[in-house]
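Comments concern the structure below.
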Amino acid sequence: MTPVATFFRNLEAKCCAACGQAMTEQAESYMTECFDCQEKASKDAYLYYYSKR
């Protein structure tokens, strides 16, 4: 059986699902998008919501 430390040390870099940029979060994090892409998505959603009013 592989030790836990060896397993996590050998994981590939985690990449953003939206832009493909390498992420610095820990591998076990549930984030799939980098902070820049999350910020852009939040801003786009905000603008879309308030443009319908």
Considering every residue within the range 1-19, establish whether at least one is small (G, A, S) and assigned to a helix (DSSP H, G or I). yes
If you go through the range 1-42, how many residues are of a type in the set (K, R) and modelled with pLDDT of 95 or more? 1
Give the residues of the range 30-53 that are surrounded by 10 or more Cβ atoms within 10 Å (Cβ to Cβ) and assigned to a loop (DSSP other than H, G, I, E, B), sorted by residue number. M31, T32, E33, C34
Please list, ordered by first then second residue, the pairs with beta carbon atoms under 6 Å, 6 or more apart or interchain, first in the range 35-47 and under 13 Å from C16 (Cα atoms), second of a type in the set (A, V, I, L, M, F, W, C) and not in a helix (DSSP H, G or I). C37/C16; C37/A18; C37/C19
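The values are calculated or read from the model by the stated rules, or taken from the named source; none is laboratory data. Here the structure is a predicted model, which means the values were calculated and not measured. Cβ: placed from backbone, ideal geometry, glycine included. Neighbour counts: every protein chain shown.
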